[in-house]
Amino acid sequence: MMLRVVPENSGQLVPLDSAAAGNESRVPLFGLDAAALAGVLAEEGEPSWRADQIIEAIYRQYIRELSSITTLSLDLRQKLAAGGWQIGRPEITKAFQSADGTERYLIQCPGPTAETVETVWMPEGDDGEAGDGSNDEARASNETKDWRRATICVSSQVGCSVNCQFCLTAKLGLQRNLTPGEIAGQVVSVLDRHAVRVGRDRVNLVFMGMGEPFLNYDNFMAAVRLLVHEVGLSPQRMTVSTSGIVPGIERFAQEPSDLRPKLAISLNAPNDEVRAGIMPINRKWPISSVMDAVRRVRLRPHERITFEYVLLGGVTDRPEHAREVARLVRRTGLPAKVNLIAWNPGPGIPYGTPEPANVAAFRKTLGAEGIPAYIRQPRGRDIFAACGQLKRTVEA
Ligand code: SF4
């Protein structure tokens, strides 16, 4: 079969004559940006402004079938379908609902493989990603929904290679990187399910699902560009968390500040010795090298770096650990806050949940040392949706 490469951003190969092909071998338009769509249309002899119609339909009106884009002529819809194109948005195939309102989804990406990724919807967030009192502005803005603000937790890889010892996802190992369309598609599928009005409803994104975004850097940032330019979400309402991939942080520091999400570092330990024991990646990039890289990120006015800190009972939750963490954070010289996460239990992981009193004391100690700290509320523990629990656990 003859193949051609579609315009930048997808790296996919397109069958030149796939009219007879089934849906699974059709090529997704979803994931292509305006320039790439204009390239597709040019090959069909269509003007580039038609790309805006497709963007409006698939990224903003959440249309899932090519035949339903009625702003395109019937002839063009048929021409695209005959050329082997489909919208091809990733779809929610299974939803688990928690007693606390959190929903965890298995999302199927179109194509020959049957892999699913996990995405989580948290109405009212978890008090971590904002943690700055900005929740209040959402209260008055959403009269028609049963949520006032929400957070979507997005995956960047199938599985993960980083091997944090407290994380269920690590048990999968890395299976593959997600494409830009598969990353952005998780978001659009969830926006569609909850009829989110982008620009009106208050929705935050956290790239803290399965995988290490900075080990899939190009696709991750291409997805961010899609979400900002084509879907219309604000990068200031997005946070990406990294386990401390120094070359990734250095590249991130070069991104234009009107395009990049906020940065969170998954710190989780007070010093290199403890961190290397629970996060083997620390042997490659110790805390000092991570902090040096973080200092290169030019922050926007009022922006803060977030340090995520998972408290493991008896391992990382002692008062002296809190004082060490405060010293580390102060030494960065950056405006920063710490999000505390009481470890969520998972089968086969040999750690204990910290005592609530220890979590509260940890926060108090950080506060006394001048470091703002917030306790992230565990969301969806009963459906394995909480932080570090994503492993496509089908029973719920
Ligand atoms: S915590 Fe994040 S980086 Fe670490 S293994 Fe789990 S998914 Fe990967």
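The values are calculated or read from the model by the stated rules, or taken from the named source; none is laboratory data. Everything quoted here is computed from the prediction, not taken from an experiment. Virtual Cβ from ideal backbone geometry, glycine too; neighbours counted across all protein chains shown.
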- Query: So which residues in segment 192-212 are of a type in the set (Val, Ile, Thr) and farther than 15 Å from Arg60 by Cβ, if there are any at all?
  - Reply: Val206
- Task: Please work out which one of (1) within 16 Å of the ligand (Cβ to nearest atom); (2) under 15 Å from Phe220 (Cα atoms) is the condition Pro180 fails and give its number.
- Result: (1)
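For every residue, the table says whether it meets (1) assigned to a helix (DSSP H, G or I); (2) more than 12 Å from the ligand (Cβ to nearest atom); (3) modelled with pLDDT under 95.
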position: Glu230; (1), (2), (3): yes, yes, no
position: Ser241; (1), (2), (3): no, no, no
position: Asp258; (1), (2), (3): no, yes, yes
position: Leu263; (1), (2), (3): no, yes, no
position: Ala269; (1), (2), (3): no, yes, no
position: Glu273; (1), (2), (3): yes, yes, no
- Message: Pairs please, first residue from segment 71-100 and closer than 26 Å to Ala184 by Cα, second anywhere and basic (Lys, Arg) and assigned to a strand (DSSP E or B), Cβ atoms under 8 Å, 6+ apart in sequence or on different chains.
- Response: Ala95/Arg104; Phe96/Arg104; Ser98/Arg104
- Item | Selection status of Ala150, hydrophobic (A, V, I, L, M, F, W, C) and within 29 Å of Ala34 (Cβ to Cβ) | yes
- Task: Could you tell me which residue of segment 149-177 is modelled with the highest pLDDT, considering only residues that are of a type outside the set (A, V, I, L, M) and more than 16 Å from the ligand (Cβ to nearest atom)?
- Result: Thr151
- Task: For Arg225, indicate whether it is touching a strand residue (DSSP E or B) at 6+ places or on another chain (Cβ under 8 Å), farther than 27 Å from Asn163 by Cα and surrounded by fewer than 22 Cβ atoms within 10 Å (Cβ to Cβ).
- Result: no
- Message: Quick check on segment 294-313. Is at least one of its residues modelled with pLDDT of 95 or more and assigned to a helix (DSSP H, G or I)?
- Response: yes
- Query: Would it be correct to say that Ser189 is of a type in the set (Gly, Ala, Ser), closer than 26 Å to Gln236 by Cα, within 16 Å of the ligand (Cβ to nearest atom) and touching a residue at least 60 places away in the same chain (Cβ under 8 Å)?
  - Reply: no
- Of all residues in segment 289-318 being closer than 14 Å to Asn268 by Cα and surrounded by fewer than 20 Cβ atoms within 10 Å (Cβ to Cβ), which is farthest from the ligand (Cβ to nearest atom)? Arg318
- Task: From (1) at pLDDT 95 or above; (2) in a strand (DSSP E or B), pick out the condition that doesn't hold for Gly185.
- Result: (2)
- Pick from segment 192-220 the residues that are more than 14 Å from the ligand (Cβ to nearest atom) and assigned to a loop (DSSP other than H, G, I, E, B): which of them is nearest to Gln97 (Cα to Cα)? His194
